[in-house]
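Here is the structure we will look at.
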Amino acid sequence: MKIGPKYKIARRLGAPVFEKTQTQKYVLSQSKKDKSKTFFKKPKSNFGIQLLEKQKARYTYGLSEKQFSKYAKAALAKKGAQAAGRLFEDLELRVDNVVYRAGFVPTRSFARQAVSHGHFMVNEKRITIPSYKLKVGDKITIKPASGSKALFATLDERLKEFSQPSWIKFNGDKSAVINEIPKAEGTELLFDINTILEFYSR
């Protein structure tokens, strides 16, 4: 999926949906702009709010509208709180997202590219589909022949300060295991899942 200027998109959405907008540099640049400009924001309609939340989530995971709507509609087949849980689970358990969450690579876009190029294995089998959904017990490793690639040159240094979510167990042999289903509750999100589902329920 092609993405435009990330700083501008994040500013428009009002959320740091890209990894490069989660830095001190971005915060400082936006702070300076806010001080130099006076904005009048027109109150958003319910539709506008729903659209905004949907866009935040879509850009966070780097998905096209077609891809994201497929996940949302599958979640809506569930009822009540189960729908929100299903959507979060499906998004978080994409193998490209897990590769990023585990700390193997610095961004989701890098993760998607690395998976597509076959640099990762799931349960000892090479995987090339970024949308592949993992399940509890699945083990993710770097393909042996890819370990020396430039992509992983700074892995050891990055892992020293990286903290994986509780549902991913990162092992000393640089493998990651899904030890439980990810839950939205208690997770700091940049978007509201229920509002997103309202958008697709129209």
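The values are calculated or read from the model by the stated rules, or taken from the named source; none is laboratory data. Nothing here was measured: the structure is a model prediction, and the numbers come from that model. Note: ideal-geometry Cβ built from the backbone for every residue, glycine included; neighbour counts use all protein chains shown.
Only one of these is at pLDDT 95 or above, under 25 Å from Ser163 (Cβ atoms), aromatic (Phe, Trp, Tyr) and in contact with a strand residue (DSSP E or B) (Cβ under 8 Å, 6 or more places away or on another chain): Phe88, Phe120. Name it.
Phe120
Select from segment 60-88 the residues that are in a helix (DSSP H, G or I), crowded, with 18+ Cβ neighbours inside 10 Å and within 14 Å of the chain's Cα centre (by Cα) and list them in ascending order.
Of everything in segment 60-88, those that are in a helix (DSSP H, G or I), crowded, with 18+ Cβ neighbours inside 10 Å and within 14 Å of the chain's Cα centre (by Cα) turn out to be Thr60, Tyr61, Phe68, Tyr71, Leu87, Phe88.
Under 6 Å between Cβ atoms, at least 6 apart or on separate chains: pull out the pairs that start in segment 155-173 with a residue that is closer than 22 Å to Lys183 by Cβ and end on any residue that is modelled with pLDDT of 90 or more and among the aromatic types (Phe, Trp, Tyr).
As it stands, the answer is Gln164/Phe170, since those pairs meet every condition given.
For Pro165, state whether it is more than 25 Å from Ser69 (Cβ to Cβ) and under 14 Å from the mean Cα position of the chain (by Cα).
yes
Return yes when Gly103 is outside the structural domain of Gly80 (by TED's automatic domain parsing), within 19 Å of the chain's Cα centre (by Cα), over 22 Å from Ala75 (Cα atoms) and not in a strand (DSSP E or B) and no when it is not.
yes
Identify, by number, the condition in (1) among the hydroxyl-bearing types (Ser, Thr, Tyr); (2) surrounded by fewer than 17 Cβ atoms within 10 Å (Cβ to Cβ); (3) modelled with pLDDT of 95 or more; (4) under 22 Å from Ser69 (Cβ atoms) that Thr128 doesn't meet.
So Thr128 meets the others, but not (4).
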